[in-house]
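The values are calculated or read from the model by the stated rules, or taken from the named source; none is laboratory data. The model shown is predicted, which means the values in this text are computed figures rather than measured ones. Quick reminder, even Gly has a Cβ in these numbers, built from the backbone with ideal geometry, and neighbours come from all protein chains shown.
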Amino acid sequence: MDRGNGILAMRANGRVLVVGGSDSSGGAGIVRDIATLAAMGLSTSVAVTAVTVQTHAAVIHVEVIPAALVAAQMRAALEADAVGAIKIGMLPTADVIDAVCDVLDAHPVLPVIVDPVLAASSGGALAAGPGLAESRRRLFRLASLVAPNLPELAALAGGPTATNAADALGQARHLLDAGAGAVLVKGGHGDSGEMATDILLYRDRPPRRFTLPRLQASMRGTGCALSSAVAGGLAAGLDTETAISQAKAYVHAALVALQ
């Protein structure tokens, strides 16, 4: 790792396939993913799942890409270049989730990082329609790591937003029970305390905490950046805990640069 323009950058060779939606404001989605991975010195392939019309304050329109076309993009990207990890963001419908899972089934060795994007920072819904819960369970069974923030975790677990670590870990176990390899509970949406703590939970190991000072600066797309940075670390050959630690440091440095 070295510092450039106040942001940590990883010197590594690797490529990440990013599967997710576009954001016309540039604040989140695949734009944020590509920028993050480029800052780490990594290459990106993409499969677009939806085209969204967004400002920083509102989601105006979502145009879903046909599921077959999403799968075709993924297969073409995987054929074109060697990919070290797959990062999955916005999957707007059950059909799209199932199409993505069909491709993942054919590539079981690749680490898969799922950022379960359910709504934009402005509150607009980015996933809807019948069959979502069942399709997400299939996706989680194929995921090396699922990385929800606290509101996303609550929605997936079917409960209120956790206000303490014990409640968050209880909800995270629902995702482990659904088949996820591991769950990273992102604590940045917590509204109290001087420290921001993310918690990594496995089935068979004690939880691991990653803590840095909470900052007053805000930036859209921090969840996208963190998950992409984790995927980048795995593509570069890091173990999961090191990849998470360095990803958290990257996002923290980006927020410091905004202060």
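Taking A168 as meeting all but one of (1) at pLDDT below 95; (2) under 24 Å from V18 (Cβ atoms); (3) touching a strand residue (DSSP E or B) at 6+ places or on another chain (Cβ under 8 Å), write down the number of the exception. Among (1) at pLDDT below 95; (2) under 24 Å from V18 (Cβ atoms); (3) touching a strand residue (DSSP E or B) at 6+ places or on another chain (Cβ under 8 Å), the lone unmet condition for A168 is (2).
Give I30, I34, I60, I88 a once-over and let me know the one that is surrounded by fewer than 20 Cβ atoms within 10 Å (Cβ to Cβ) and under 18 Å from L226 (Cβ atoms).
Working: I30 fails: surrounded by fewer than 20 Cβ atoms within 10 Å (Cβ to Cβ); I60 fails: under 18 Å from L226 (Cβ atoms); I88 fails: surrounded by fewer than 20 Cβ atoms within 10 Å (Cβ to Cβ).
Within the list I30, I34, I60, I88, the selection yields I34.
For segment 162-179, the condition of being within 17 Å of V112 (Cα to Cα), touching a helix residue (DSSP H, G or I) at 6+ places or on another chain (Cβ under 6 Å) and assigned to a loop (DSSP other than H, G, I, E, B) holds for at least one residue. Residue check: L201 meets all listed conditions (1) more than 28 Å from L110 (Cα to Cα); (2) of a type outside the set (S, T, N, Q); (3) buried (at least 16 other Cβ atoms within 10 Å of the Cβ); (4) modelled with pLDDT of 85 or more but one, namely (1). Just one residue in the set A47, A9, A28, A85 is at pLDDT below 95 and under 17 Å from the mean Cα position of the chain (by Cα); that residue is A28.
State whether one or more residues within segment 157-180 are in contact with a Ser or Thr (Cβ under 7 Å, 6 or more places away or on another chain) and in contact (Cβ under 8 Å) with a residue 40 or more places away in the chain. No; the residues of segment 157-180 include none that is in contact with a Ser or Thr (Cβ under 7 Å, 6 or more places away or on another chain) and in contact (Cβ under 8 Å) with a residue 40 or more places away in the chain. Residues that are part of a loop (DSSP other than H, G, I, E, B) and closer than 22 Å to S22 by Cβ within segment 209-259 comprise S218, M219, R220, G221, listed in sequence order.
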